[in-house]
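Below you'll find the structure, written out as structure tokens, and then a few comments.
The values are calculated or read from the model by the stated rules, or taken from the named source; none is laboratory data. If you're wondering where the values come from, they're calculated on a predicted model, not measured in any experiment. Note that we place each Cβ from the backbone using ideal geometry, even for glycine, and neighbour counts take in every protein chain shown.
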Amino acid sequence: MLYGLEDYVYDEFGLKSKKKLNIKKVLLIILVILACAFFAVMVYHIGFSKKEDTETKVYAVDSNGEEYIYEEVQINEETFDNYSEEIESNKDINKESKENKSLSLFSKNSEKDSLKSYEGNHFQIPSHNLESLKSKFVPQFNENGYNEVRDIYFSDEKQVYLTFDDGPSKDVTPQILDILKEHDVKATFFVLGARVDLYPETLKRAFDEGHYIANHGYSHKYSKIYENKDTVFQEYIECENSIRNALNNQDYNSYLFRFPGGSSGGAYEKVKAEAREHFRGYGVAFTNWNCLTGDAEGKETKEECIQEMLDTKEGRTSIVLLMHDSNEKQQTVEALPEIIQHFKDEGYTFKTFYEIF
Ligand SMILES: [Zn+2]
């Protein structure tokens, strides 16, 4: 084993007696090995340490249900950081989870299998390409969104989500937007597709002013919506398309649905239960409310609305407050400033679902 590294030692008769390691040769070899190792490390750092570009194929589904490559995007550390910077200021999530979040819905490399691709003629265009990452205020897919929305109701945080259903409307929604602006508070609008088609400018204004645009279906006709789970989802898609057209942004996805009449109970409970699972499979969350002004249940004055809000609030810390911005809800316009002031005085933080998506 040590051939070449040993010297023989000769005795006084000139005979080989014992072997002795040649220290110089051993040191030289160790030195050569170290030099090679150093060289290898340097080569690795210079040549290979730069993260390779990740080629991500974005898949979509055509009307025959066939999957096709919608686009191929190159993402490397550098380009991602550029987009991340903008988002960073808005959302405090680490880069790794952002990367997963933004691509997982349609990327072959990810957990796509756990989520279904959109079918039919509507969701052919994936929402999470790099263009949509550039925009600060476009909801981003969150694989934990479903649970995080549910968990709002179990939070100990003093927070309030102001939510308005059934708009936009001609007169009431603009007044509500004025009040929210004046008080520097953001809210969430669960809009109806049919109303969005009538007042796209108002929806655009709500979006541009930083409010979260969520989905309340298209028609609000229970018998039509709750025929079966597919018709519920079809309402979601139709409303989503109205939002996309109004915002002139075909990549928009709200990821959040509010079932007309609530997500459970009533005559349509069976369909609703199936629809809840169906939505979940598509990465779409839903939410109800745990506090309301009663503006859709006969509370016709500002005072009644405020009292109903206080009664239903019942010392809760985490509030999802249901109100309506359809055209006959002038009492909501009148009650809103005091409602906002009440939550401000009590030290609540005003939140929207951009916290989650
Ligand atoms: Zn409604």
key: Residues of segment 208-232 satisfying the condition of being under 19 Å from Glu274 (Cβ atoms), more than 16 Å from the ligand (Cβ to nearest atom) and not acidic (Asp, Glu)   = Asn228, Lys229, Thr231
inquiry  = Looking at segment 322-334, I want the residues that are free of Cβ contacts under 8 Å to residues at least 60 places away in the same chain and have a partner that is more than 13 Å from the ligand (Cβ to nearest atom) and part of a loop (DSSP other than H, G, I, E, B) with Cβ atoms under 6 Å, at least 6 apart or on another chain. Which pairs are those?
reply    = Gln331/Glu300; Gln331/Thr301
remark   = Selection from segment 260-308 of residues touching a Lys or Arg at 6+ places or on another chain (Cβ under 6 Å), hydrophobic (A, V, I, L, M, F, W, C) and assigned to a loop (DSSP other than H, G, I, E, B) yields none
ask   = Any idea which of (1) away from the ligand (no atom under 16 Å from the Cβ); (2) surrounded by 14 or more Cβ atoms within 10 Å (Cβ to Cβ) is the one Thr287 doesn't satisfy?
value = (1)
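In segment 252-270, which residue that is buried (at least 18 other Cβ atoms within 10 Å of the Cβ) and more than 16 Å from the ligand (Cβ to nearest atom) is farthest from Tyr146 (Cα to Cα)? Let's see the steps before the verdict.
In the first step, residues of segment 252-270 are kept if they are buried (at least 18 other Cβ atoms within 10 Å of the Cβ); the result is 252-260, 268.
Now narrow it down to the ones that are more than 16 Å from the ligand (Cβ to nearest atom): 252-253, 255.
Working: Tyr252: 18, Asn253: 15, Tyr255: 9 Å.
Filtering first and then ranking leaves Tyr252.
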note = Within segment 164-215, the residues that are more than 23 Å from Ala335 (Cα to Cα) and of a type outside the set (D, E, K, R) are Gly193, Ala194, Val196, Leu198, Tyr199, Pro200, Asn215
note = Of the candidates Glu334, Glu235, the one satisfying the condition of being part of a helix (DSSP H, G or I), modelled with pLDDT of 95 or more and within 20 Å of Tyr199 (Cα to Cα) is Glu235
ask   = Restricting attention to segment 329-337, does a residue exist that is assigned by TED's automatic domain parsing to the domain that holds His211, farther than 19 Å from Tyr153 by Cβ, of a type in the set (Ser, Thr, Tyr) and within 16 Å of the ligand (Cβ to nearest atom)?
value = yes
query = Any residue at all in segment 289-304 that is under 27 Å from Asn142 (Cα atoms) and of a type in the set (Lys, Arg)?
reply = no
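More than 13 Å from the ligand (Cβ to nearest atom), part of a helix (DSSP H, G or I) and surrounded by fewer than 18 Cβ atoms within 10 Å (Cβ to Cβ), is that true of Glu201?
yes
Wholly within segment 99-191, which helices (runs of 4 or more DSSP H) include no fewer than the required count, namely at least 1 residues that are away from the ligand (no atom under 16 Å from the Cβ) and modelled with pLDDT of 70 or more?
Values: elements: 130-134, 145-151, 172-182.
In segment 99-191, the matching helices (runs of 4 or more DSSP H) lie at 145-151, 172-182.
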